[in-house]
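What follows is calculated from the coordinates using simple rules that are stated; it is not laboratory data. Because the structure is a prediction, the values reported are computed rather than measured. For neighbour counting, all protein chains shown are included, and Cβ atoms are generated from backbone atoms with ideal geometry for every residue, glycine included.
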Amino acid sequence: MATTRVLLVHGAATTAGVWDRVRGLLRDDGLDVVAPDRASGGDLGGELTALGGDTDGTVVVGVSGGATLGLALASDRVLAGAVLHEPAVGSLVPGLLDHVVAGFTSGGVPGFGAALYGPSWTPAMAPADPDAVARDLAMFRRFEPTPLHPGQGRVIVTVGELSPPARHRAAWALHDLLGVEVRVLPGAGHFVQHDDPEALVAVVRSVVRSAQPR
């Protein structure tokens, strides 16, 4: 049986290191876990290309901007499955990212990280490129969800129980538009892969099981 590949996609103001806790939990599952450092070039098509053209047999896992890219991948090509935590949803929920924009405007990258991820985020988690966050923010603000690719694998959008109401509205708006599943993660917020990795990994494992041949 082929080994299931799990692609972990990080969001803005973080690097692949943000996945260390998730990778540790998945280490013993016999999965091919890949967590690339994104270039954060600001171009959606370029980001999708960089994540890899061959997604056959791949379960994509993303949080925040990484979830937004995962949603774009699920529209562009067939995946084995996806777990996407609190992606951007464009005009489906206007103002969803307003507090993040305000944080960046007033406090730069530290203000952005604190507004988006909360107190457990630190500036040491940000990429070395000082302009990466600005490019990511512009790209994710332009994003609009589009229909999933025909024949798409199982796609679950997760939202933290403790996340603001707008995040919950966004998840259910994607359910109504695209037919994705929605899971509320108990006790979790937006920075789930760092603060509550067990909650996210439980959903990843369920998608991996459903993607494997019987």
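Side notes on the structure shown:
- Dmax and Rg, reported as Rg then Dmax, of the range 28-69 (C-alpha, Å): 11.4, 35
- Label-to-label distance, SER106 versus THR3, with points set 7 angstrom from Cα along the beta-carbon direction: 4.7 nm.
- Taking the range 151-214 and dividing mean pair separation by its residue count, relative contact order in percent (alpha carbons under 8 Å, at least six apart): 36
- When each of LEU97, LEU48, LEU79 is scored by the number of other beta-carbon atoms lying within 10 Å, the sequence from fewest to most is LEU48, LEU97, LEU79.
- Taken along the Cα-to-beta-carbon direction at a fixed 7 Å, the label points for ASP20 and SER75 span 3.4 nm.
- Of HIS99, HIS85, HIS168, the sequence from fewest to most neighbouring Cβ atoms within 10 angstrom is HIS99, HIS168, HIS85.
- Net lengthening on full extension, GLU198/ALA124 (0.36 nm per residue, minus Cα-Cα): 24.3 nm
- Across q = 0.11, 0.18 Å⁻¹, the chain modelled as identical point scatterers on its alpha-carbon atoms has Debye log10 I(q)/I(0) values of -0.45, -1.35, in the order of the q list.
- Cut-off 12 Å (backbone N to label point 7 Å along Cα→Cβ of LEU92), residues of the range 159-199: 159, 167-183
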